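What follows is a set of notes on a single structure, which appears directly below.
The values are calculated or read from the model by the stated rules, or taken from the named source; none is laboratory data. These numbers come from a predicted model, not from an experiment. Quick reminder, even Gly has a Cβ in these numbers, built from the backbone with ideal geometry, and neighbours come from all protein chains shown.
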Amino acid sequence: MKKALCLILICALLTGCAASPGSASNKPPVSDNSAAAVPEDAIADAVPGDSGEDTVPKGSSAFTVSDGRDRPSVSGTLQVVNGKLCGENGKPVMLRGVSANGLPMCESFINETLFSELSRDLGVNVFRIPVYTWGVGVVGYCTGGNQENVKQKVRDGVEYAERTDMYAIVDWHILQDGDPNIYIEEAKAFFAEMAETFKDHTNVIYEICNEPNGVEWKDIKRYAEEIIPLIRNLDPDSVIIVGTPEWSQRLDEAAADPLDYPNIMYTLHFYAASHKEELRSVARAASQNGLPVFVTEYGVTASSGGFPRDLEEADRWIDFLEQEGISYCMWSFSKAPEACASIVSTCPKTKGFTPEDYNQTGQWLIETLKKRH
């Protein structure tokens with residue numbers, strides 16, 4: 001940040017975009033490396049430039065991608081079989097993708113041109129759309145945010161993903177609020193509307209609580225037992241992902257007392273510079289004992305979202321996920337001023353990215369996606 005005024009303006013525009021990575025600022029310290037340094041990329045998505053409006057007209061021709069990856073045109077409606085995410089034919093699938101930084105802070109990234117580029121050029125087959133439940137000003141869906149605008153962006157994102165042959169994760173992004181039961185009535189209304197809207201789509205996955213924290217599994221389970229039937233009443237075949245305690249790291253607790261519904265998966269989140277073999281051991285045990293696991297968010301940095309990056313440890317994590325057949329999305333495809341973001345923060349674009357627009361995180365992402373299919 002260059003000057004105090006710049007900082008104030010950016011914070012006013014983005015609020016949690018710069019200070020609230022998906023697994024970041026509110027987590028307990030994990031090591032001396034977990035404190036966020038000043039990011040190498042100094043200015044967030046508020047840099048003047050591309051407005052994010054589509055050059056591809058809405059309603060333009062959809063396309064399919066034949067690249068050997070698991071896509072809606074190939075795998076159809078997803079299901080969970082014997083602890084693994086599978087396609088309509090019952091064969092295991094692998095989803096490899098990215099997460100936006102969150103609505104509404106980075107809504108300019110919800111554009112059809114970008115989705116087309118991610119799908120065709122980078123090989124992404126799943127895009128995660130986070131809806132922050134709590135936040136200051138316009139950020140929190142449940143705390144004064146523009147709910148109609150956020151829901152429209154979710155609808156747009158799912159449509160763009162469908163038209164570009166990708167799956168979409170609709171993410172109820174619990175973070176600072178910790179306990180998903182705090183806004184359970186809002187969650188019920190949101191997911192009832194989303195399930196009614198998307199009941200005939202084959203590309204939608206519901207993530208009903210991103211990172212519960214400061215709350216026990218029994219409380220998360222109680223919440224899930226109210227939300228899941230509501231979704232299933234409208235969208236009976238959907239895959240639903242449920243967060244686990246301690247910022248979605250305690251798969252062991254979910255494995256000890258799983259939910260009694262079909263097509264349920266459980267969330268694991270990690271940040272490579274903070275979470276290493278100890279957490280992998282928990283994930284390995286859960287996966288090999290039949291718990292369906294989905295990494296809806298991971299980063300190559302510290303859990304704060306800041307430096308350091310640990311790309312070697314990130315490679316170890318990806319190797320593990322590939323071996324176990326666990327799908328994953330990286331946090332974040334954005335230009336937020338944090339090391340876990342993929343795009344240089346001074347880049348004025350929201351589509352049409354070229355190699356020089358990617359920082360080290362983004363370059364690692366591109367190489368990882370290239371060699372995994």
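Name the residue that is nearest to residue 208 (Cα to Cα), counting only residues in region 227-257 that are at pLDDT 95 or above and surrounded by fewer than 16 Cβ atoms within 10 Å (Cβ to Cβ). Checking each candidate, the answer is 229. Can you find even one residue in region 316-333 that is on the phi < 0 side of the Ramachandran plot, in contact with a Cys (Cβ under 7 Å, 6 or more places away or on another chain) and assigned to a loop (DSSP other than H, G, I, E, B)? Yes - at least one qualifying residue is present in region 316-333. Scan region 296-317 residue by residue and report those that are surrounded by fewer than 21 Cβ atoms within 10 Å (Cβ to Cβ) and among the aliphatic types (A, V, I, L, M). Once the filter is applied, which keeps residues that are surrounded by fewer than 21 Cβ atoms within 10 Å (Cβ to Cβ) and among the aliphatic types (A, V, I, L, M), region 296-317 yields only 311. The listed residues are 367, 297, and the only one of them that is under 17 Å from the mean Cα position of the chain (by Cα) and modelled with pLDDT of 95 or more turns out to be 297.
Of all residues in region 192-226, those being surrounded by 15 or more Cβ atoms within 10 Å (Cβ to Cβ), among the charged types (D, E, K, R) and either within 26 Å of residue 152 (Cβ to Cβ) or in contact with a Phe, Trp or Tyr (Cβ under 7 Å, 6 or more places away or on another chain) (or both) number 5.
Go through region 141-194 and count every residue that is of a type in the set (Val, Ile, Thr) and part of a loop (DSSP other than H, G, I, E, B). Residues that pass the stated criteria total 3.
So, residue 341, is that one farther than 21 Å from residue 166 by Cβ and of a type in the set (A, V, I, L, M) or not? No; evaluated as a whole, the condition is false for this residue.
Does residue 219 fit the bill of being free of Cβ contacts under 8 Å to residues at least 24 places away in the same chain and of a type in the set (Asp, Glu)? So residue 219 does not fit the description; no. Is it the case, given these coordinates, that residue 136 is more than 20 Å from residue 299 (Cβ to Cβ) and either surrounded by fewer than 18 Cβ atoms within 10 Å (Cβ to Cβ) or in contact with a His (Cβ under 6 Å, 6 or more places away or on another chain) (or both)? Answer is yes for this residue. Restricting 113, 164, 143 to those that are surrounded by 24 or more Cβ atoms within 10 Å (Cβ to Cβ), farther than 18 Å from residue 238 by Cα and not small (Gly, Ala, Ser) reduces the list to 164.
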